[in-house]
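Below you'll find the structure, written out as structure tokens, and then a few comments.
The values are calculated or read from the model by the stated rules, or taken from the named source; none is laboratory data. Only a predicted model underlies this, so the values are computations on that prediction, with no experimental measurement involved. Positions of Cβ are generated from backbone atoms using ideal geometry, with glycine treated the same way; all protein chains shown enter the neighbour counts. Side chains are part of the model used for accessible areas, which takes the heavy atoms of the whole protein and leaves out ligands, DNA and RNA. Shrake-Rupley method; radii C 1.70, N 1.55, O 1.52, S 1.80 Å.
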Amino acid sequence: MARATDSIQKKEAFAAEGVERTRSGDVYSPNADIFEDKENIYLVADMPGVDESSVDIRLEKNVLTLNGYVKIPEKEEGIEWFREYPVGDYHRSFTISNAIDRDRIAATVRDGVLRLTLPKAESLKPRQITVTSG
Amino acid sequence: MVLTLQKRRMEDWNPWRELQNVQSEMNRLLGRFGYPETGVYPAMNAWKTEDDVTLTAELPGMKADDIEISVAGDTLTLKGTRPEEDERENLTYHRRERLAGHFARTIQLPFHVDADKVEARFSNGVLNIRLPRVESDKPRKISIGK
């Protein structure tokens, strides 16, 4: 049987001290890519089993919180032969800088991948400074 | 494909995990050259009954057409390429945790399956495959003659 390595093993989500979830089941931290270009910051998170109706994105102060809810599949027929990955909800939080244009944040979910586009506020965009001789 | 270096805090350093990381990176690199090896990606869950096997795998971000499932006798091979995220120019990465690249994995099944009756569904990044046992491989009751 093949072993799963750390990079593909699901990581349990970090839970704040003393805070309990009301939903039952385990929570995992989705793998994410975060990158930016001149215009936007992009966040792409893998949440297989989640669609646009079962994702919850919140931005409070400067904390972006992602929640993805997964329907636990009905018990399959037969006996469990092997189980290499767990199934559960997703949760992850990020601190983002204030210089994001909050009204224009766009999010899509497709094939279990959440894609967020966070447009940079005008003040954060790099500006070319022309150098003149003189 | 470049091996990604990851910074870890001293107390997180686990030599066994480093070895596993190197192994998985090597598997992925080799997979790109089409070596017919058994990789470790994707992780799968499986159930079996006397008459069939059901497998699930999580392949977020892929399209059904990009997943190659092939069955031969009592083996199942799952292949595909997870797309490189963006071809946009001038990107600066802050985190890179999602895997991209070619993968190939072969599973040995407990019996021969009927390739014509295999059912595969792919929804929200979750692949579900049902493989029924081939009739000729089902045990047959032998009655004892008088």
- Note on the structure: Log entry, pair B-A: total buried accessible area, probe 1.4 Å, protein chains only, in Å² rounded to 100, is 4200 Å²
- Item | q = 0.13, 0.20, 0.21 Å⁻¹, segment A:14-134: log10 I(q)/I(0) [Debye, one scatterer per Cα] | -0.63, -1.16, -1.24
- Show A:83, B:121, B:95 ordered by accessible area, largest first, where the area counts protein heavy atoms only and the probe is 1.4 Å. B:121, A:83, B:95
- Averaged across the residues of A:112-123, what count of C-beta atoms belonging to other chains lies within 10 Å of each residue's C-beta? 2
- Starting with the highest mean, order B:54-61, A:107-114 by the number of other Cβ atoms within 10 Å, averaged over the residues of each peptide. B:54-61, A:107-114
- Message: Only sites in a loop by DSSP and with at most 15 other Cβ atoms within 10 Å count here; which GluC sites (Glu not before Pro) in segment A:44-128 make the cut?
- Response: A:74, A:77
- Message: If I compute solvent accessible area with a 1.4 Å probe over the protein chains, what percent of it on segment A:36-109 is carbon and sulfur?
- Response: 48 percent
- Taking only pairs that are 8 or more places apart or on different chains, how many Lys pairs in segment A:11-134 have Cα atoms under 25 angstrom apart? 7
- So for R0 = 30 Å, FRET eff. of residue A:129-residue A:56 from the Cβ-Cβ r, to 0.05, ends up at 0.10
- Note on the structure: With a Förster distance of 51 angstrom and the Cβ-Cβ distance between residue B:117 and residue A:65, calculated FRET efficiency to the nearest 0.05 equals 0.70
- Where the centroid of each part is defined by its Cα atoms, how far is segment A:34-100 from segment B:53-118 in Å? 20 Å
